[in-house]
Structure formats: structure tokens, C-alpha cells
Amino acid sequence: MTAEEKMKIAVKALDAKRAEDIQVLKVTELTILGDYFIIANGNSTTHTKTLAEEAEFQLSQHGVEPHHTEGMNGSNWYILDYTDVIIHVFYQETREFYRLEQLWADAEHVDISGWLTEE
């Protein structure tokens, strides 16, 4: 499965569980860490955990397992590392504190509007 296919599945999974402010950064040209960073947040610690679990579940349904995970035992920041796609799911205040989008400001922003449900 390509990195773009994984990214699309993860974005749709996060959106289905009402993740807030989903952003996708294409970082291929900036780092060897991966091709895409997906950044989203929940509005409570329970919501945040649910978002991370749903992204992991949906990718697992497609035969894709994470290389590494962080924060799955209760955290304000969950990381799902699929080698070429890294998913960051934050509690809102934690996201505001770390500001990953600003740290990776040189990354290309991917237009995901076509994959999101309209409210």
C-alpha cells in the first residue's frame, strides 16, 4: 500500500470520528522520517484516544500495522508511526503548545477537503 493510500484511509477515519482541524503535511523533501505527517486533535482526552484507536483500526482493516506507537496507555499526544505516514493525534491544548504545523512550516500542505464530510 502506498503512503498516499495510508494517508487517505487515516484522514477518513479521523474525520469519521469528528477529529478537529485535520492537517496533512507532505514532508518528503524535508526529512527522512516519513512522507506525510497527519495532525489532528480531539476535544477531550477520551475523544483523542478514540481518534487514535480508530485510525489504527481502519489501517489494520487494510492489513497495515504501525511500526511503532506512543501514548496509547493514556496521553495527550498519540503517535502512530507507519514509517512513511506518521499520525499525530493531540488533545487540543497539547496541540496548541507544541505547534507542529509551525515547526514544519516549510512542508507542503495537502488538500484533503475532498475526503472530509461536510457538516
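Every read-out reported here was derived from the displayed coordinates using simple, explicitly stated rules and does not represent laboratory data. The structure presented is a predicted model; accordingly, all values stated were derived computationally and were not measured. Every residue, glycine among them, receives a Cβ derived from its backbone with ideal geometry; neighbour counts consider all protein chains shown.
Observations, loosely collected:
- Near GLN102: Cβ cut-off under 13 Å, other residues only, Lys/Arg at +1 and Asp/Glu at -1. The net charge is -1.
- With Cα atoms as the point set, the radius of gyration and Dmax of the chain evaluate to 12.9, 36 Å.
- Segment THR83..LEU116, full-extension length gain: 9.5 nm, with 0.36 nm per residue of separation and the alpha-carbon distance subtracted.
- Neighbour cut-off at most 13 other Cβ (10 Å), DSSP loop, GluC sites (Glu not before Pro), segment 1-88: GLU29
- If you take the Cα centroid of segment 64-119 and the Cα centroid of segment 11-40, the two points sit 5 Å apart.
- Residues considered: ASP81, ASP35, ASP21. Largest GNM mean-square fluctuation over the chain, using C-alpha springs under 10 Å, is found at ASP21.
- Excluding same-chain neighbours fewer than eight residues apart, the aspartates and glutamates reachable from LYS8 by a Cα-Cα span under 18 Å are GLU20, ASP21, ASP35, GLU53, GLU54, GLU56, GLU65, ASP81, ASP84, GLU108, ASP111, GLU118.
- Residue order, fewest to most surrounding Cβ atoms within 10 angstrom, among HIS62, HIS88: HIS62, HIS88
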